[in-house]
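Colleague: One structure, pasted below without further comment.
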């Protein structure tokens, strides 16, 4: 099915649009029973993500390879799917001290659509390509096209463009591939079933999507050497909470007192990685930076050097 044909397609057959028998009498339930329906159904996103673990692992390695070679990661979507992509991208710089343009969320309708519904824009397949072109999307980059129901023309347009120029195209949807094929090299399907509120994919589909994006971005950053063990060693120390976290990391990993840690953080200009390399090898900041760079930014390699 071509992107342009989605305007006339009937979507009632899609799994995300079907009626959930567990909530058929939702408006007649007591509030406690209503909550229990949600609780039971909200176990399904975790199961859906678990079932997609192989595709998620494949995507992490493929994205990391692109980023290590100088590429970037783009999330593309409309409505809830697009907003979740923007959210995940926005969390990467403060969590991993990554450059703001390394992971980007592209939402149909742009920034205004974050706060005000612009779902009508998702029907424009050419807009997906145009929005990527406006950001300089190229063959060395990676794209994750997010569409809960899998039919969004905006996302199909972006994925088709990414594939055509040799970029990495990854699809993420909550319907089976046999229902809606998507143009991609890696196909992630999160089968969450019919929603409690029929067709409201901000519910289970949105939850599964958020979980999958958490895994994707964190896994990629682990592969890029921005994590040591399970510690955010590439965190930017920009406020008191993050300074406290950095000092605890340095105490746990290098046995430094808070006074010693604070002095090293000041000397390293707030870089936990550099501070740990300086402490471990008794180096000045320039030598520590040179060692860390020679290890590709991987703290474990630098500490073992």
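Colleague: Determine by what factor the alpha-carbon radius of gyration of region 240-304 differs from 2.2 N^0.38 Å, reporting the quotient.
Modeller: Here the answer is 1.01, to two decimals.
Colleague: Roughly speaking, what is the stretch gain from residue 139 to residue 287, that is 0.36 nm per residue apart minus the C-alpha to C-alpha distance, in nm to one decimal?
Modeller: 49.8 nm
Colleague: Here's a follow-up. If you take every DSSP beta bridge whose two residues both sit in the chain, what share of them, in percent to the nearest 5, is antiparallel?
Modeller: The answer is about 10 percent antiparallel.
Colleague: Taking Rh as the Kirkwood radius computed over C-alpha pairs, what is the Stokes-Einstein D of region 47-157 at 37 °C in a medium of viscosity 0.692 mPa s, expressed in µm² per second?
Modeller: 227
Colleague: Taking a label point 7 Å from the Cα of residue 214 along the Cα→Cβ vector, which residues of region 44-68 have an amide N closer than 14 Å to it?
Modeller: Counting backbone N atoms under 14 Å from the label point, the list is 44-50.
Colleague: Further question on the same structure: Select from 240, 217, 268 the residue whose mean-square fluctuation is largest in a Gaussian network model of the chain (Cα-Cα springs shorter than 10 Å).
Modeller: 240
Colleague: Which one of 211, 221, 182 has the biggest mean-square fluctuation once the chain is modelled by GNM with Cα springs under 10 Å?
Modeller: Among 211, 221, 182, the largest GNM mean-square fluctuation belongs to 211.
Colleague: Also, I was wondering about something else. Which one is right for this structure if semi-axes √(5λ) of the Cα gyration tensor in Å is calculated from it: [x] 38, 18, 17; [y] 40, 24, 16; [z] 31, 22, 19?
Modeller: Among [x] 38, 18, 17; [y] 40, 24, 16; [z] 31, 22, 19, the one calculated here is [y].
Colleague: Between region 218-253 and region 160-209, what is the separation of their alpha carbon centroids in Å?
Modeller: 32
Colleague: Taking only Cα atoms, what is the 0 to 90° angle, nearest 10, from helix 79-96's long axis to the longest principal axis of the chain?
Modeller: Compared with the principal axis, the helix lies near 10 degrees.
FYI, it's all coordinate maths here, none of it is from the lab. Since the model is a prediction, treat every value here as computed from it, not as a measurement. Reconstructed Cβ throughout: ideal geometry from the backbone, glycine too, with neighbour counts over all protein chains shown.
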